[in-house]
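Remarks on the structure that follows.
The values are calculated or read from the model by the stated rules, or taken from the named source; none is laboratory data. All values derive from a computational prediction rather than experimental measurement. A quick note on method: Cβ atoms are made from the backbone with ideal geometry, for glycine too, and the neighbour counts reach across all protein chains shown. Ligands, DNA and RNA are excluded from the accessible area calculation, which covers all protein heavy atoms including side chains. Shrake-Rupley method; radii C 1.70, N 1.55, O 1.52, S 1.80 Å.
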Amino acid sequence: MPNLPDEHVWISGPRRAGRSAALAALGAGRLAVDADRRRRGPYSGVGSVLRALVPAVLATNPDLIARHRIELLCAAPE
């Protein structure tokens, strides 16, 4: 499983450039999740998290992914 920080930081702002600069200032190793309400809202955020976590879990625990295949495909079809 990827090494994820044990805290989260909420970055919001009117412009993507400002949000990207704030994320870059935090340093590497952060999982960036965009849950923009104008796109798919929380579904975008869940899809981003799954795209980051599922490949690592699949490599170490494929049975877990197989048991939750339908839920995963509903949230992140690709």
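A few remarks follow.
- Qualifying residue in segment 50-62 (condition: in contact with a helix residue (DSSP H, G or I) (Cβ under 6 Å, 6 or more places away or on another chain) and either open to solvent by 60 Å² or more (accessible area, probe 1.4 Å) or at pLDDT below 85 (or both)): yes
- Whichever residue in segment 57-76 is part of a helix (DSSP H, G or I) and among the small types (G, A, S) and, among such residues, is farthest from V46 (Cα to Cα): A59
- Selection status of R40, open to solvent by 90 Å² or more (accessible area, probe 1.4 Å), among the charged types (D, E, K, R) and at pLDDT below 80: yes
- Among residues of segment 1-30, those that are at pLDDT 65 or above, within 30 Å of P62 (Cβ to Cβ) and open to solvent by 70 Å² or more (accessible area, probe 1.4 Å), counted: 4
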